[in-house]
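**Q** Dropping a structure here in structure tokens format, bear with me for questions.
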Amino acid sequence: MSISPITSPIAPFEFATAQRIIFGPGKAAEIGRIAAGFGRHALLVTASAARTTTIRATLEAAGVAVTLFETRGEPRIETANNGVTAARDAQADVIIAVGGGSGIDTGKAIAALATNPGGALEYVEVVGRGKVLQNPPLPFIAIPTTSGSGAEVTRNAVLTSTEHGVKASLRSPLMLPRVALVDPLLTLDLPPAATAATGMDALAQLIEPFVSLRANPFTDAFCREGLPRIARSLRTAYANGADAAAREDMSLASLLGGLALANSGLGAVHGFAAPIGGAFSAPHGAVCAALLPIVWQANVAALRQRAPHSPALPRYDELARILTGNPHASTDDGATWLFALRTSLAIPPLSTYGIHSADLPALVANAAAASSMQANPIRLTEEELRTMLRLADSGFAT
């Protein structure tokens, strides 16, 4: 497999991640010992108390008292504020989140806000005051049960403001988890639809940082390691969730995507996902999945037309070779592969979530201003953005 040629000096970059990353089947059994190193009372954030029975027993056996905070759906400003109240009432000294990206973001926000005055809107970007966190968060441990968000190693929490109808981030380097505990066995019972959506999100989070304006050698390595794993294992995990090898591949790829996006940024797929998820009851991963091949094609077309010497174009060729396993594959072959993958995973069009043509102007305006859009390899026009939404809304025409 060929590597993209060096076309310019290496731009300055920085890299930051969770203080400690623990990966491997069965590693969730270590949560008691790990949590006891941070405190004696944990607020356990989860969407399913039933799924945390073993984890709670392990914590209690290690002398860590547990207060449950159950949350469902996409994390909201109100949810984070309620979680802070629960943490303070319980006098929790460590926050643990067990779940997908929504649960982990909720826990991350609770940990940050519990030690800082004011509610979430004081600190949230765009729709809030965007204040800087002054005090370090409570120790936070992230335990993912899906393979998609990579939130266990990111420095932000995406929260929905129902008042404004958008998603925005609470963001600070202080919010990086103390521990990311990634156990692939916790993903074995993830249903096929959720496997597909979160898996496509993980794929987007390896593709977008690789062609990002802020790509760097560290994150390139993560992307090159993670992409082949998704290419060979996502369909398998979707068809047979009990396949431990495929689940391990997906868990590691998701982790690598989180490391990449946190340090190189994302692009138009996630630029759209935030405003769509804020305005409609649309799962984040499903939105990313519907848009991924369309954004690929639009970016490539725009680059060929307006920036034919962009270093992103040979990177799209490299991505195509990695995904297809064909050493002679081109950028267009990569797009074809993505469309076929999306079809095989039965990803629904955006119209499934009630998005109509009348909604496009507001979605385009909000997407253009989204933080994720700023790292896209080329600035897209409003017409290009509208066209992408129409294609993702009406069906899967290539």
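The values are calculated or read from the model by the stated rules, or taken from the named source; none is laboratory data. Since this is a predicted model, take the numbers as computed values, not measurements. Cβ sites come from the backbone with ideal geometry, for glycine too, and all protein chains shown count toward neighbours.
**Q** Can you find a residue in the stretch 260-267 that is out of contact with any Phe, Trp or Tyr (no Cβ under 7 Å at 6 or more places or on another chain) and more than 30 Å from Ala362 (Cβ to Cβ)?
**A** There is no residue in the stretch 260-267 that is out of contact with any Phe, Trp or Tyr (no Cβ under 7 Å at 6 or more places or on another chain) and more than 30 Å from Ala362 (Cβ to Cβ).
**Q** Report yes if Ala16 is among the aliphatic types (A, V, I, L, M), within 15 Å of Val179 (Cα to Cα) and surrounded by fewer than 23 Cβ atoms within 10 Å (Cβ to Cβ), otherwise no.
**A** yes
**Q** Which of the residues belonging to the stretch 54-73 are under 22 Å from the mean Cα position of the chain (by Cα) and either farther than 14 Å from Lys108 by Cβ or loosely packed, with under 15 Cβ neighbours inside 10 Å (or both)?
**A** Glu70, Arg72, Gly73
**Q** If you don't mind, there's one more thing I want to ask. Go through the residues of the stretch 217-236 one by one and say whether even a single one is out of contact with any strand residue (DSSP E or B) (no Cβ under 6 Å at 6 or more places or on another chain), within 29 Å of Ala111 (Cβ to Cβ) and modelled with pLDDT under 95.
**A** Scanning the stretch 217-236 turns up at least one residue that is out of contact with any strand residue (DSSP E or B) (no Cβ under 6 Å at 6 or more places or on another chain), within 29 Å of Ala111 (Cβ to Cβ) and modelled with pLDDT under 95.
**Q** Same structure again: What is the one condition in (1) over 23 Å from Thr17 (Cβ atoms); (2) surrounded by fewer than 24 Cβ atoms within 10 Å (Cβ to Cβ) that Ala114 does not satisfy?
**A** Single failed check for Ala114: (1).
**Q** From Phe222, Phe218, Phe210, grab the single residue that is touching a residue at least 24 places away in the same chain (Cβ under 8 Å), in a helix (DSSP H, G or I), in contact with an Asp or Glu (Cβ under 9 Å, 6 or more places away or on another chain) and not aliphatic (A, V, I, L, M). Break it down stepwise before answering.
**A** On the way: Phe222 fails: in contact with an Asp or Glu (Cβ under 9 Å, 6 or more places away or on another chain); Phe218 fails: in contact with an Asp or Glu (Cβ under 9 Å, 6 or more places away or on another chain).
Among Phe222, Phe218, Phe210, only Phe210 is touching a residue at least 24 places away in the same chain (Cβ under 8 Å), in a helix (DSSP H, G or I), in contact with an Asp or Glu (Cβ under 9 Å, 6 or more places away or on another chain) and not aliphatic (A, V, I, L, M).
**Q** Please go through the stretch 115-142 and pick out each residue that is in contact with an Asp or Glu (Cβ under 7 Å, 6 or more places away or on another chain) and either under 14 Å from Val158 (Cβ atoms) or touching a residue at least 40 places away in the same chain (Cβ under 8 Å) (or both).
**A** Across the stretch 115-142, the qualifying residues are Gly128, Leu138, Ala142.
**Q** Now a separate question. If you scan the stretch 320-349, which residues turn out to be within 14 Å of Val295 (Cα to Cα) and among the aliphatic types (A, V, I, L, M)?
**A** Matches in the stretch 320-349: Ala335, Leu338.
**Q** Here is a further query. Being under 16 Å from the mean Cα position of the chain (by Cα) and farther than 21 Å from Ala279 by Cα is true for just one of Pro177, Pro173, Pro136. Which residue is that? Reasoning before the result, please.
**A** Working: Pro173 fails: under 16 Å from the mean Cα position of the chain (by Cα); Pro136 fails: under 16 Å from the mean Cα position of the chain (by Cα).
After applying the criteria, what remains is Pro177.
**Q** Within the stretch 272-309, work out how many residues are over 24 Å from the mean Cα position of the chain (by Cα) and either under 30 Å from Ala168 (Cα atoms) or charged (D, E, K, R) (or both).
**A** 5
**Q** Could I ask something else about it? Look at Ala242 and say whether it is small (Gly, Ala, Ser), assigned by TED's automatic domain parsing to the domain that holds Pro377 and outside any helix (DSSP H, G or I).
**A** Judged against the criteria, Ala242 is a match.
**Q** Would you check which residues across the stretch 295-340 are surrounded by fewer than 17 Cβ atoms within 10 Å (Cβ to Cβ) and under 23 Å from Glu382 (Cβ atoms) and list them?
**A** Residues satisfying the conditions are Ala301, Arg304, Gln305, Arg306, Ala307, Pro308.
**Q** Can you tell me which residues in the stretch 368-398 are surrounded by 16 or more Cβ atoms within 10 Å (Cβ to Cβ), within 21 Å of the chain's Cα centre (by Cα) and farther than 30 Å from Pro191 by Cα?
**A** Across the stretch 368-398, the qualifying residues are Ala368, Ala370, Ser371, Met373, Gln374, Ala375, Asn376, Pro377.
**Q** Name, by its number, the condition in (1) under 16 Å from the mean Cα position of the chain (by Cα); (2) in the same structural domain as Asn299 (by TED's automatic domain parsing); (3) over 29 Å from Gly24 (Cα atoms) that does not hold for Ala196.
**A** (3)
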